[in-house]
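Chemist: Here's a structure for you.
The values are calculated or read from the model by the stated rules, or taken from the named source; none is laboratory data. What you see is a predicted model, and the numbers here were worked out from it, not measured in a lab. Methodologically, a virtual Cβ is constructed for each residue, glycine included, from the backbone with ideal geometry; neighbour enumeration extends over all protein chains shown.
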């Protein structure tokens, strides 16, 4: 085909073509045999219409050129359709040319034979001509039929192709739409399932943690237990589970707040708890620097992680964190969130919260009204603000350069956010480079370890909590201790024990109590808690049981006074042997005085003040072992160790220093017992609950009159001069001992005291009291090895003397108060002792003296006027007769009785 081919704009025939085709078909069916005339062109034969214009096709196979678009630009089904149309058009053009040739041939035959000539032909020729005409017409009809058949087949194929194309097209789009529908359905299903799962997860998470969110303050870690003295000085704290001190936001340095916000969450004050832009920015920053520069989680998210959902590295935990963050922002203010955050984050070195970190790294300590967290400067704040993201990595003691780089980064972030200037950052850098920038914590060492242990034991009993529970209980315990005074007393103890270094004395303990209330002002269980040589961790004051020596005698003499005897009671200090019950080993008991001498007839006052043993045992014989032990128990020695016997009065039982001091305090407290206590107030830091000590009145152990007579005896320095001499340490004079011997005692404060020394010098004691305090001191060795010739007046008494003066420094001098109900008068006993002393009304001793010319007259007493005396002692003991009294508080109105004179009225 020559010329330019044109593609039809549609693959269907036009209505005119269809009508022409049908007309040809009708004419062929109605054709008649033509007459015997020359054949003429068939006038009704239609000519094919011109082909419609079609787009140019660039056919590479036949070399023709065209402008048809590239096949890659047309859909495959469109190219197939155009190809079929092209073939059909080519076929129709060929048929049209054949039809034109046949028509032309018929016209030529007609022109050769005119109608006249044909009519003149003979009949056979006419018949032949007609046959020829009919044959030609039949051929034309056959050709037309063939043409129609081909056209029909072509159209049928075209219709079939169109249907196939249409079906393919429909199948294609059906597939496309089906896939799209399936995808949409899948997306919808996934979205619906995701929405349901999200909704369910949100609801379950919210309901699960709702109560925790509402009470988020209660979830903040409790402070570690802290123990303070009576003046709010920190004594000790339990740190086995870390250090933590809660503070309010206004108690935190503004520099620390700015540094933390710039480093951890620069948009904290404005974001809703989740900062997507910051997360992306932090990721980019960290990737650019190859290390963590900024954190992705906001401060609110970190708070939720620390307090609610935990720090497990899982998707579930992160999703819970995201769900709960907006709720936290709705429940709490930004100040509350930041305050809780700063109180919970970990800074390393067992420091939880900013206040503990300030103490741990920079040695800052809490002061009244200004905690350590408020004392931080810019450099310190920038250093601490960089630590929470990785406390181990940024630990300045382990990785100093890394910590310093982080510190520099924090300063840069603060400059970028406008919190500080470049000049301020330079000053902070200079400060951080100083050698003393970091300082260790000054108060981690327990300043009163034995006392603190005693306090913890009291807390365990009072609150029913274990030590582990107390560790992070959030308690602040304010005690009765005066740590300043105790430190001075400890130095006194160490000084005096050091002076006895050649006498094998290594340890001492003391207890000082305000007996008016029972408050323990000082308690030292050893000289040095950390000394392994002396076993310093063992608390002699509260846990040890040692023999009290003669310091136990006042309980026996108090029993005698309670039975109606007087301090002037005459006692014969003479050899004594007591037969013990059968089976005892040894079978007898023979007490000896410390000086191994006998001092003849003495008064009870004189015997007590000079610590004579034999008169004490005789007194115990008269009052009874059980009665004396009951008095000691009633006064405060609740747990004596050992078997009570006659040696009890000389210290045969084991007693506890704290109990012994408490019992002695009953003498000072007018015979009223008290319960010693160490805890004055307990404060729960997380809810401000306060428990204060409630003083309970003690019971009456002895009458105020008996207590005053005992005080009169124990404070009588003149009566103790034979044994202790003047300027002894039991007298509270303010000047030194040498000044006292020079005649300048200084101010003398009234004091009542008693010493005690056990056999082989294993224990030294001094127990005594003033109008304000009662104090007990023990000296010796924890391993029970004996001291070398050290008595109570040499070992424990000097410590008691100096410590009492320290305790009384700020107290006015007051004398002991007579409670009344006593009488004082001259008394003469049958052995000739005459003295003036106190006695209970109705218990004045009266005797009838028999007249005799012998100076050593026999004196027969009349009925002794006291209600407890029921037995007359008739045994005779050898006495060392002397006309010179041992003490200066009595004299003899007659020579003492002879060796064989029975004593009626004296012991």
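Chemist: For segment 519-549, name all the residues that are under 33 Å from the mean Cα position of the chain (by Cα) and closer than 29 Å to residue 697 by Cα.
Modeler: Answer for segment 519-549, where residues must be under 33 Å from the mean Cα position of the chain (by Cα) and closer than 29 Å to residue 697 by Cα: 519, 520, 521, 522, 523, 524, 525, 539, 540, 541, 542, 543.
Chemist: Of everything in segment 473-498 that's over 36 Å from the mean Cα position of the chain (by Cα) and without any contact (Cβ under 8 Å) to a residue 24 or more places away in the chain, which residue is nearest to residue 763 (Cα to Cα)?
Modeler: In this case the residue turns out to be 498.
Chemist: When the residues of segment 307-324 are filtered to those that are in contact with a helix residue (DSSP H, G or I) (Cβ under 6 Å, 6 or more places away or on another chain) and in a helix (DSSP H, G or I), which remaining residue is farthest from residue 199 (Cα to Cα)?
Modeler: 307
Chemist: Moving to a separate point now. In a helix (DSSP H, G or I) and crowded, with 17+ Cβ neighbours inside 10 Å: is that true of residue 261 in this structure?
Modeler: When the stated conditions are applied, residue 261 passes them.
Chemist: So which of 588, 577 ends up being surrounded by fewer than 21 Cβ atoms within 10 Å (Cβ to Cβ), in contact with a strand residue (DSSP E or B) (Cβ under 8 Å, 6 or more places away or on another chain) and farther than 20 Å from residue 906 by Cβ?
Modeler: Within the list 588, 577, the selection yields 588.
Chemist: Would you mind finding the one in 515, 557 that is modelled with pLDDT of 95 or more, over 21 Å from residue 807 (Cα atoms) and buried (at least 21 other Cβ atoms within 10 Å of the Cβ)?
Modeler: 557
Chemist: Turning to a different aspect of this structure: Whether any residue in segment 412-421 is without any contact (Cβ under 8 Å) to a residue 60 or more places away in the chain, part of a helix (DSSP H, G or I) and surrounded by fewer than 20 Cβ atoms within 10 Å (Cβ to Cβ) is what I want to check.
Modeler: yes
Chemist: Return yes or no: is residue 542 assigned to a loop (DSSP other than H, G, I, E, B), in contact with a helix residue (DSSP H, G or I) (Cβ under 6 Å, 6 or more places away or on another chain), at pLDDT 90 or above and over 18 Å from residue 714 (Cα atoms)?
Modeler: Taking the combined requirement at face value, the residue satisfies it.
Chemist: Within segment 240-255, work out how many residues are touching a strand residue (DSSP E or B) at 6+ places or on another chain (Cβ under 7 Å) and either surrounded by 20 or more Cβ atoms within 10 Å (Cβ to Cβ) or at pLDDT 95 or above (or both).
Modeler: 2
Chemist: Can I ask one more? Would you check which residues across segment 658-672 are free of Cβ contacts under 8 Å to residues at least 60 places away in the same chain and under 22 Å from residue 451 (Cβ atoms) and list them?
Modeler: Passing the criteria: only 659.
Chemist: Okay, moving on. Pairs needed: first member in segment 725-747, more than 13 Å from residue 803 (Cα to Cα); second member anywhere, not in a loop (DSSP other than H, G, I, E, B); C-beta distance under 6 Å; at least 6 residues apart or different chains.
Modeler: 727/737; 727/740; 727/741; 740/733; 745/733; 746/733
Chemist: Follow-up. Looking at this structure, is residue 345 at pLDDT 95 or above, buried (at least 17 other Cβ atoms within 10 Å of the Cβ) and under 18 Å from the mean Cα position of the chain (by Cα)?
Modeler: Judged against the criteria, residue 345 is not a match.
Chemist: Which one of these is out of contact with any helix residue (DSSP H, G or I) (no Cβ under 7 Å at 6 or more places or on another chain), buried (at least 24 other Cβ atoms within 10 Å of the Cβ) and either touching a residue at least 24 places away in the same chain (Cβ under 8 Å) or over 28 Å from residue 568 (Cβ atoms) (or both): 649, 690, 655, 683?
Modeler: Result: 655 is the single residue among 649, 690, 655, 683 that is out of contact with any helix residue (DSSP H, G or I) (no Cβ under 7 Å at 6 or more places or on another chain), buried (at least 24 other Cβ atoms within 10 Å of the Cβ) and either touching a residue at least 24 places away in the same chain (Cβ under 8 Å) or over 28 Å from residue 568 (Cβ atoms) (or both).
Chemist: Another question about this same structure. Please verify whether residue 670 is within 22 Å of residue 563 (Cβ to Cβ) and part of a loop (DSSP other than H, G, I, E, B), treating the condition exactly as stated.
Modeler: Yes; evaluated as a whole, the condition is true for this residue.
Chemist: Also, quick follow-up: Consider only pairs whose beta carbons are under 9 Å apart and that are at least six residues apart or on different chains; among these, list those whose first residue lies in segment 205-216 and is at positive phi and at pLDDT below 75 and whose second residue is assigned to a loop (DSSP other than H, G, I, E, B) and surrounded by 13 or more Cβ atoms within 10 Å (Cβ to Cβ).
Modeler: That search, which allows pairs on different chains as well, returns nothing.
Chemist: Please enumerate the residues belonging to segment 392-411 that are assigned to a loop (DSSP other than H, G, I, E, B) and either on the phi > 0 side of the Ramachandran plot or surrounded by fewer than 17 Cβ atoms within 10 Å (Cβ to Cβ) (or both).
Modeler: 392, 393, 397, 398, 399
Chemist: Name the residue, out of 513, 456, 534, 520, that is in contact (Cβ under 8 Å) with a residue 24 or more places away in the chain and assigned to a helix (DSSP H, G or I).
Modeler: Being in contact (Cβ under 8 Å) with a residue 24 or more places away in the chain and assigned to a helix (DSSP H, G or I) holds for just one of 513, 456, 534, 520, which is 456.
Chemist: Among (1) assigned to a helix (DSSP H, G or I); (2) within 21 Å of residue 240 (Cα to Cα), there is one condition residue 493 misses while meeting the rest; what is its number?
Modeler: (2)
Residues checked against (1) under 60 Å from the mean Cα position of the chain (by Cα); (2) modelled with pLDDT under 50; (3) outside the structural domain of residue 508 (by TED's automatic domain parsing); (4) over 30 Å from residue 485 (Cα atoms):
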| position | (1), (2), (3), (4) |
| --- | --- |
| 800 | yes, no, no, no |
| 806 | yes, no, no, no |
| 810 | yes, no, no, no |
| 841 | no, no, yes, yes |
| 873 | no, yes, yes, yes |
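Chemist: Applying the selection to segment 433-449, what residues are closer than 15 Å to residue 363 by Cβ and not in a loop (DSSP other than H, G, I, E, B)?
Modeler: 439
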